[in-house]
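Q: Shown below is the structure under consideration.
Bear in mind that the values in this text are calculations on the coordinates, not laboratory data. If you're wondering where the values come from, they're calculated on a predicted model, not measured in any experiment. Here Cβ is always computed from backbone atoms with ideal geometry, including for glycine, and neighbour counts include all displayed protein chains.
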Number of protein chains: 2
Amino acid sequence: MSEIKVPAEQLSAFCIACFVKLGLSPEDARGTAGNLIFANLRGVDSHGVIRLKVYLDRLRAGGFKLQARPQIVSEQESCALIDAQDGVGQVAATVAMKLAIAKAGKSGVGVVSVRNSNHFGASAYYAMQALEHGMIGLAATNAGPTMAPTGGREGRLGNNALAVAVPAGNRAPIVLDMATGAVAWGKIFLAQQEKRRIPTTWALDRSGLPTDDPDAAADHGLIQPFGGYKGYGLSLLIDLLTGVLSGGGFSTHVRTLYQELETPSQVAQTCAALRIDAFMPLEEFCRRVDAIIDEMRSCPTAPGVERVFVPGEIEEETERRRRAEGIPLRAALQEELRSLGAQLGVAAPF
Amino acid sequence: MSEIKVPAEQLSAFCIACFVKLGLSPEDARGTAGNLIFANLRGVDSHGVIRLKVYLDRLRAGGFKLQARPQIVSEQESCALIDAQDGVGQVAATVAMKLAIAKAGKSGVGVVSVRNSNHFGASAYYAMQALEHGMIGLAATNAGPTMAPTGGREGRLGNNALAVAVPAGNRAPIVLDMATGAVAWGKIFLAQQEKRRIPTTWALDRSGLPTDDPDAAADHGLIQPFGGYKGYGLSLLIDLLTGVLSGGGFSTHVRTLYQELETPSQVAQTCAALRIDAFMPLEEFCRRVDAIIDEMRSCPTAPGVERVFVPGEIEEETERRRRAEGIPLRAALQEELRSLGAQLGVAAPF
């Protein structure tokens, strides 16, 4: 059994059916599946249907509460606080982003923070919802403590992530979606298999020292924040603007996705929108974004570099290709999805 | 002649007198000097009185317009656009931050962008103005193009900077103030003098390749964005939220401080404020910030590391010391300031 390609609509329908069988409302199921499929389409497979299993496990175990309805706790002209009631992160963040967009429509800016949430998948999904409204969108999340502050050797901060989407004119929108860790664990595991050294900026060994040995990193080591102490500062800032500001979990109080499946993870998120025509006509802004994109792309390249990209450009190209050709699924993932479907009486679309 | 320490008030009065002699209003002179002295007090000497000479040169040559009054171009409930009229950056950014704070006081959030500005010194100065109002403050600026996008080998982005200040309770506020470059040129010049290799993440040689040779970096090379492509993305994002959004200069249209002294530099800034009690009582928030600070500080340290710091902590300690002991000035800087004063008939306070 080798890699196959599955149309996005079929894979999405499969995820929706699984969620609904477990008791999620059709609307919540569509939103959650939409986020997973979005990630796969854009080539961010780490946040795609590979997460379906743990989502289903958490829905069953109680770590994601099936019947949760996000509640607005407090509200001002330009900001609001939402309690996700320990439901699926995608559901609460979609509500939050909608509210931020509505507020920005009136006052120019909207900032909505969410507590008692859970893993919400790819951040860009929410940030990009602002685009069709002529707005800049932002979404940030904290996560379970897997990184140390600079100089430390124990997890105190999550691989907290931030996405910002900026509309363009004739070009694809600029979409920056980044975690604050230097690297995903997957790359370190790969280096282990291939017996390659890793850059000393990627990980710490168990004593807290930078290491170029992937085995030392994997043996109770930690991922480093990207870019040294600046990445640490940004990760802390995201936790302040999500967990601390919302009244939710922060630092060591946030749980990771794959542990304690029956316990809500106390994740917090913040979504924001900025209406562009509060500053200048949207068309003018989009022309200016096209111009700065062209400034980047026209930059002479270093030896061995074919093209200069702007953030989101590679993902946009991947999305166009995968919408046409389908989402590639490796054999092991096909097997996992088929088995998940079988447990719930949902036929896999492959 | 060796290093001396000068009381902040005396050094500030000297800068104010120089600015006023050139024709800046006393209020604008105080604000601008306040920003330079703030940087010195916090140990950010690169943005302190070492900049007085180029500021005076630009005020004389016309690159900073003496009589400029920042004008509000457009305004909404929660955001505004200001034209700095090519005046001193400190003056316009102070107006912008005040307006952002006023807007946040009403709606919860304020975002004010500034075009036709100039160098505005240390970003934290503006972000921290939100603190006494029980708000989180943010200030960002673009700068002349000195960095290449990832994969490029020509300047397309500035060492764009961002500061965010978050109030705490019994601890010092968290103040993250960071440029998006991996390192200041000064560190590369130092490595040249000491004939030391530099990390390959700091600079590119003139062909655009990472180099560990400080001489190759200094010979028409470029500083790299910090943290690789993520730092590039953040630098581009700051330019989008300042230069592009404000209708001001961006990318290659921004001029650097030390060239073309007679030409306004087309720098743009954005200031923002978020009112905390729109989300929860300020006291509760401050307790939570203290708690996350303690989570960081209590992290067990890596071998050889004495303490874990939070952003702004070192600067706060430096400020306390320098307020008591004075601001250290090396011989060459004393000489420069004395000579600047002599040209204007202002006696140096040392």
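Q: Can you give me the relative contact order of chain B as a percent, contacts being Cα pairs under 8 Å and 6 or more apart?
A: Normalised by residue count, the contact order of chain B is 23 percent.
Q: Using the crude model of +1 on Lys and Arg Cβ and -1 on Asp and Glu Cβ, and no other charge, please compute the dipole size for region B:215-350 relative to its Cα centre, in debye to 20.
A: My answer is approximately 120 debye.
Q: Please state the Cα pair-distance histogram of chain B with 10 angstrom bins from zero: what percent is in each bin?
A: For chain B, the pair-distance distribution reads 6, 23, 32, 28, 11, 1.
Q: Given Cα pairs under 8 Å that are at least 6 residues apart, what percent is the relative contact order of region B:182-224?
A: Relative contact order comes out at 40 percent.
Q: Which percent of Cα pairs goes in each bin when the distances of region B:64-189 are cut into 10 angstrom slices starting at zero?
A: Result returned by the calculation: 13, 37, 33, 16, 2.
Q: Using a 10 Å cut-off around each Cβ of peptide B:272-279, what is the average number of partner chain Cβ atoms that fall inside?
A: 6
Q: If you don't mind, another one. Counting only other residues whose beta carbon sits under 14 Å from that of residue A:80, what net charge do I get with K and R as +1, D and E as -1?
A: +1
Q: A further question on this structure: Taking 0.36 nm per intervening residue step and subtracting the Cα-Cα distance, what contour gain separates residue B:172 from residue B:283 on full extension?
A: 38.5 nm
Q: Label region B:273-350 by shape, choosing from rounded, prolate and oblate, from the square roots a ≥ b ≥ c of the eigenvalues of the Cα gyration tensor; if a/c is under 1.5 it is rounded, and otherwise prolate applies when a/b is larger than b/c, oblate when it is not.
A: oblate
Q: If you line up the Cα atoms of the protein assembly as shown on their principal axes, what length do they span on each, largest first, in Å?
A: Reported extents, whole Å, longest axis first: 89, 54, 49.
Q: Fewest Cβ neighbours within 10 Å first, please rank A:265, B:339 accordingly.
A: B:339, A:265
Q: Round to a whole angstrom and tell me the spacing of the C-alpha centers of region B:168-186 and region B:202-220.
A: Between the Cα centres of region B:168-186 and region B:202-220 lies a distance of 26 Å.
Q: Sort B:230, A:106 by Cβ crowding within 10 Å, fewest neighbours at the top.
A: Exposure proxy ranking, most exposed first: A:106, B:230.
Q: Further, regarding this structure: Tabulate in residue order the Karplus-calculated ³J(HN,Hα) for region B:298-303, using 6.51 cos²θ - 1.76 cosθ + 1.60 with θ = phi - 60°, rounded to whole Hz; enter x for Gly and Pro.
A: So the Karplus estimates, Gly and Pro as x, are 8, 5, x, 8, 6, x Hz.
Q: Charges on Cβ only, +1 for Lys and Arg, -1 for Asp and Glu, centred on the Cα centroid of region A:182-224; of A:207, A:218, A:193, which one is farthest towards the dipole's positive end?
A: It is A:193.
Q: Starting from the Cα-Cα distance between residue B:2 and residue B:335, subtract it from 0.36 nm times their residue separation and give me the gain in nm to one decimal.
A: Length gained, residue B:2 through residue B:335: 118.8 nm.
Q: For region B:71-207, calculate the relative contact order in percent as a whole number, restricting contacts to Cα pairs under 8 Å that are 6 or more residues apart.
A: Normalised by residue count, the contact order of region B:71-207 is 16 percent.
Q: Rounded to whole Å and sorted largest first, what semi-axes of the equivalent ellipsoid does the C-alpha gyration tensor of region A:182-224 yield via the square root of 5 times each eigenvalue?
A: Taking √(5λ) for each eigenvalue gives 14, 10, 9 Å, largest first.
Q: Something else: I need the shape label for region A:135-207. Rule: rounded when a/c is under 1.5, else prolate if a/b > b/c, else oblate, with a, b, c from the alpha carbon gyration tensor.
A: Oblate shape, in that a/c is at least 1.5 and b/c is the bigger or equal ratio.
Q: Ok, one more. Can you put B:322, B:115 in order, fewest other beta carbons within 10 Å first?
A: B:322, B:115
Q: Could you let me know the centre-to-centre spacing of region B:291-345 and region A:244-274, using Cα atoms, in angstrom?
A: Rounded to whole Å, the Cα centres lie 34 Å apart.
Q: Could you let me know the centre-to-centre spacing of region A:129-150 and region A:31-107, using Cα atoms, in angstrom?
A: 12 Å
Q: Please report the base-10 log of the normalised intensity I(q)/I(0) for region B:202-350, using a Debye sum with one equal scatterer per alpha carbon and no solvent, at each q in 0.11, 0.19 (1/Å).
A: -0.95, -1.20
Q: How big is the dipole moment of region A:182-224 about its Cα centre under a simple scheme where the beta carbon of each Lys and Arg is +1, that of each Asp and Glu is -1, and everything else is neutral? Debye, nearest 20, please.
A: 120 debye
Q: Turning to a different aspect of this structure: Rounded, prolate or oblate: which fits region B:5-106, taking a ≥ b ≥ c as square roots of the Cα gyration tensor eigenvalues, rounded meaning a/c under 1.5, else prolate when a/b beats b/c?
A: oblate
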